[in-house]
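Trainee: Please read through the structure below; I'll follow up with questions.
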Amino acid sequence: MEESRILNVGIDFGTSMSVIASDNGVRACVPSYVGFPKDMISRKMLGKEVLYGDDAIRHRLSCNVYRPLELGVLKHSDNSKDNPSGYQQTIEVAKKLLEHLVDLATQGRPEDFIIRAVIGAPALAGESNKQALIDISDGVLDFVQIVSEPFSVAYGMNLLNNTLVIDIGAGTVDLCRMQGLFPTKEDQITTYKAGDYIDNVFFDLIEAKYPDANYTLNMLKQFKEEHAIISNNAEKLYLSLPIQGKPTALDVTDEIRQACRTIVPEITEGIKYLVSTYDPEFQSELKENIILAGGGSQVVGLSEELEKYMLETLGYGSVKRITDPVYAGANGALMYCKDLPEEEWAEFKKNAKKHPKK
Ligand SMILES: Nc1ncnc2c1ncn2[C@@H]1O[C@H](COP(=O)(O)OP(=O)(O)OP(=O)(O)O)[C@@H](O)[C@H]1O
Ligand SMILES: [Mg+2]
């Protein structure tokens with residue numbers, strides 16, 4: 001392959017946020033929502049046929065808004081035969097989102113190049129979930145490899161040995177133990193209590209405490225992203241919600257904390273399992289290198305909570321948050337994409353189609 005005509009990209013196609021990083025220096029992220037105007041009036045008002053990310057969320061009243069991923073994978077990709085039309089719709093919507101990401105990375109420039117991509121998937125995504133990602137890439141990307149998301153975070157940060165990466169996303173929490181090799185199934189755990197789960201619990205708790213308040217899941221998600229805290233000594237947190245049209249400050253201190261705490265038990269179980277089944281000679285080092293990634297890692301007090309747990313059950317532990325949780329997965333996927341030897345890509349060549357000229 002002629003080097004100058006290859007564009008390498010790393011993609012983190014997330015339940016909540018889709019991120020791309022490319023070796024032309026461009027990186028971009030867009031919330032994983034796609035909207036289509038509902039009628040002629042909305043089309044005229046919006047002046048476009050498809051809306052992405054925040055734009056789609058903002059115009060959700062005049063658009064049909066889709067979120068193509070759920071629990072870390074493309075919707076219906078586990079059972080596409082049971083719901084062929086739902087799956088087909090997901091594929092079409094996801095493909096649009098992928099095209100948009102690639103447009104952002106190439107800045108819409110009509111160039112004739114070959115795009116090689118590494119896409120992150122949940123640690124224990126099945127073959128059908130991975131195949132769905134390959135299906136949406138058809139005609140958009142020329143060469144595709146799928147890797148586990150926490151692996152790409154570890155690779156990008158050069159944390160290849162005696163490290164446990166915990167990627168806390170919207171649909172899944174993925175734990176991956178690195179021991180200087182490609183991680184296997186035994187090194188990885190996926191749990192499904194992640195950011196979306198917190199939002200749903202928070203929703204139910206608010207509903208129970210303030211039955212007269214009006215709100216949407218999206219409003220609570222936004223509040224969580226600004227105020228998520230797990231520590232006990234938090235200042236009082238007030239959320240302003242309309243009650244019969246009048247904005248009212250509601251105390252949600254306990255509710256936000258309780259909701260955020262719901263994801264902790266499965267993470268601690270995962271840490272315990274991956275530490276206790278590791279080679280005993282290297283367990284100490286592993287316990288000192290627990291890395292939190294993903295948007296959910298920003299819950300204030302989470303790393304301290306996990307350290308407290310590790311102190312009680314495993315003797316000790318050191319948990320650190322990465323500084324760039326939004327881009328870490330895509331950056332790592334890009335590095336892996338660039339490092340993959342030419343022969344490995346050649347394996348994929350026979351199935352690939354040429355990137356269409358625009
Ligand atoms: N400051 C914050 N505090 C707490 N949670 C946050 C914060 N910022 C973002 N989140 C949550 O992090 C999640 C998104 O993280 P991320 O972008 O890593 O997920 P994703 O990659 O889209 O999902 P997945 O990996 O499960 O497919 C959402 O649930 C979001 O609400
Ligand atoms: Mg993710």
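Trainee: Please verify whether TYR278 is away from ligand 2 (no atom under 16 Å from the Cβ), of a type in the set (Ser, Thr, Tyr), crowded, with 17+ Cβ neighbours inside 10 Å and within 28 Å of ILE256 (Cα to Cα), treating the condition exactly as stated. Let's see the steps before the verdict.
Mentor: On the way: away from ligand 2 (no atom under 16 Å from the Cβ): yes; of a type in the set (Ser, Thr, Tyr): yes; crowded, with 17+ Cβ neighbours inside 10 Å: yes; within 28 Å of ILE256 (Cα to Cα): no.
In short, no.
Trainee: List the residue pairs whose Cβ atoms are under 8 Å apart, where the first residue sits in the range 126-150 and is without any contact (Cβ under 8 Å) to a residue 24 or more places away in the chain, the second is surrounded by 15 or more Cβ atoms within 10 Å (Cβ to Cβ), and the two are 6 or more positions apart or on different chains.
Mentor: Sorted first by the residue in the range 126-150, then by its partner, the pairs are LYS130/ALA121; LYS130/ILE146; ILE134/VAL144; ILE134/ILE146.
Trainee: A follow-up question, please. Is the range 189-205 home to any residue that is more than 16 Å from ligand 2 (Cβ to nearest atom) and basic (Lys, Arg)? Lay out the reasoning, then the answer.
Mentor: Initial filter on the range 189-205 (more than 16 Å from ligand 2 (Cβ to nearest atom)): 200-205.
Next, from what is left, pick out any that are basic (Lys, Arg): none.
No, the conditions are met nowhere in the range 189-205.
Trainee: Within the range 108-130, track down each residue that is surrounded by fewer than 16 Cβ atoms within 10 Å (Cβ to Cβ), farther than 19 Å from ASP174 by Cβ and not small (Gly, Ala, Ser).
Mentor: Hits for the range 108-130 are ARG109, PRO110, GLU111, ASP112.
Trainee: Name every residue in the range 153-191 that is under 16 Å from ARG321 (Cα atoms), of a type in the set (Gly, Ala, Ser) and away from ligand 1 (no atom under 11 Å from the Cβ), in order of residue number.
Mentor: Matches in the range 153-191: ALA154, GLY156.
Trainee: Here's another thing I want to ask about it. Here is a check on your reading of the model: is PHE203 touching a residue at least 40 places away in the same chain (Cβ under 8 Å) and either within 18 Å of the chain's Cα centre (by Cα) or on the phi < 0 side of the Ramachandran plot (or both)?
Mentor: no
Here's the yes/no breakdown for (1) more than 16 Å from ligand 1 (Cβ to nearest atom); (2) modelled with pLDDT of 95 or more; (3) not assigned by TED's automatic domain parsing to the domain that holds ASP339:
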| site | (1), (2), (3) |
| --- | --- |
| LEU7 | yes, no, no |
| ILE11 | no, yes, no |
| ILE20 | no, yes, no |
| ASN24 | yes, no, no |
| VAL30 | no, yes, no |
| GLY35 | yes, yes, no |
| GLY47 | yes, yes, no |
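Trainee: Additional query: With respect to VAL102, is the statement that it is assigned by TED's automatic domain parsing to the domain that holds LYS338 and either in contact with a Phe, Trp or Tyr (Cβ under 9 Å, 6 or more places away or on another chain) or on the phi > 0 side of the Ramachandran plot (or both) true? Write out each step before concluding.
Mentor: Values: assigned by TED's automatic domain parsing to the domain that holds LYS338: yes; either in contact with a Phe, Trp or Tyr (Cβ under 9 Å, 6 or more places away or on another chain) or on the phi > 0 side of the Ramachandran plot (or both): no.
Taking the combined requirement at face value, the residue does not satisfy it.
Trainee: Let me ask another. With respect to the numbered conditions (1) within 18 Å of the chain's Cα centre (by Cα); (2) more than 27 Å from ALA333 (Cα to Cα); (3) of a type outside the set (Lys, Arg), which one is the sole condition not fulfilled by ASN64?
Mentor: Here ASN64 meets the rest and fails (1).
Trainee: State which residue is surrounded by the fewest Cβ atoms within 10 Å (Cβ to Cβ) when the search covers only the range 135-151 and only residues that are over 22 Å from THR106 (Cα atoms) and not hydrophobic (A, V, I, L, M, F, W, C). Walk me through it before giving the result.
Mentor: First pass over the range 135-151, keeping only residues over 22 Å from THR106 (Cα atoms): 147-151.
Filter once more, so that each one left must be not hydrophobic (A, V, I, L, M, F, W, C): 148-150.
Details: SER148: 25, GLU149: 33, PRO150: 36.
It comes out as SER148.
Trainee: Tally time: how many residues in the range 305-326 are under 18 Å from the mean Cα position of the chain (by Cα) and crowded, with 20+ Cβ neighbours inside 10 Å? Step through it out loud before you land on a result.
Mentor: So in the range 305-326, the residues under 18 Å from the mean Cα position of the chain (by Cα) come out as 321-326.
Filter once more, keeping what is crowded, with 20+ Cβ neighbours inside 10 Å: 325.
The total comes to 1.
Trainee: Another one. Listed residues ILE41, ILE57; which is on the phi < 0 side of the Ramachandran plot and in contact with a helix residue (DSSP H, G or I) (Cβ under 8 Å, 6 or more places away or on another chain)? Talk me through it step by step, then tell me what you get.
Mentor: Numbers: ILE41 fails: in contact with a helix residue (DSSP H, G or I) (Cβ under 8 Å, 6 or more places away or on another chain).
Only one candidate passes the filter, namely ILE57.
Trainee: Can you name the condition, by its number, that ASP167 falls short on among (1) modelled with pLDDT of 95 or more; (2) more than 30 Å from TYR278 (Cα to Cα)?
Mentor: ASP167 satisfies all of (1) modelled with pLDDT of 95 or more; (2) more than 30 Å from TYR278 (Cα to Cα) except (2).
Trainee: Going residue by residue through the range 28-50, is there one that turns out to be out of contact with any Gly (no Cβ under 9 Å at 6 or more places or on another chain) and within 16 Å of ligand 2 (Cβ to nearest atom)?
Mentor: There is at least one residue in the range 28-50 that is out of contact with any Gly (no Cβ under 9 Å at 6 or more places or on another chain) and within 16 Å of ligand 2 (Cβ to nearest atom).
Trainee: Please enumerate the residues belonging to the range 1-53 that are of a type in the set (D, E, K, R) and without any contact (Cβ under 8 Å) to a residue 24 or more places away in the chain.
Mentor: Residues satisfying the conditions are GLU2, GLU3, ASP39, ARG43, LYS44, LYS48, GLU49.
Trainee: Considering each of ILE91, ILE11, ILE41, ILE20 in turn, give the residue that is of a type in the set (Val, Ile, Thr) and surrounded by fewer than 18 Cβ atoms within 10 Å (Cβ to Cβ).
Mentor: Step by step, each of ILE91, ILE11, ILE41, ILE20 is checked, and only ILE41 is of a type in the set (Val, Ile, Thr) and surrounded by fewer than 18 Cβ atoms within 10 Å (Cβ to Cβ).
Each row is one residue, and each column tells you yes or no for (1) over 29 Å from GLU307 (Cβ atoms); (2) within 16 Å of ligand 2 (Cβ to nearest atom); (3) buried (at least 17 other Cβ atoms within 10 Å of the Cβ).
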position	(1), (2), (3)
PRO211	yes, no, no
LYS224	no, no, yes
LEU241	yes, no, yes
THR248	yes, no, no
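Trainee: For the range 286-304, give me each residue that is within 16 Å of ligand 1 (Cβ to nearest atom) and surrounded by fewer than 19 Cβ atoms within 10 Å (Cβ to Cβ).
Mentor: Those that are within 16 Å of ligand 1 (Cβ to nearest atom) and surrounded by fewer than 19 Cβ atoms within 10 Å (Cβ to Cβ): GLN298, VAL300, GLY301, GLU304.
Trainee: Out of the range 156-178, which residues are surrounded by 17 or more Cβ atoms within 10 Å (Cβ to Cβ) and more than 16 Å from ligand 2 (Cβ to nearest atom)?
Mentor: Matches in the range 156-178: LEU159, ASN162, THR163, LEU164, ARG177, MET178.
The values are calculated or read from the model by the stated rules, or taken from the named source; none is laboratory data. What you see is a predicted model, and the numbers here were worked out from it, not measured in a lab. Here the Cβ is made from the backbone with ideal geometry for all residues, glycine too, and neighbour counts use every protein chain on show.
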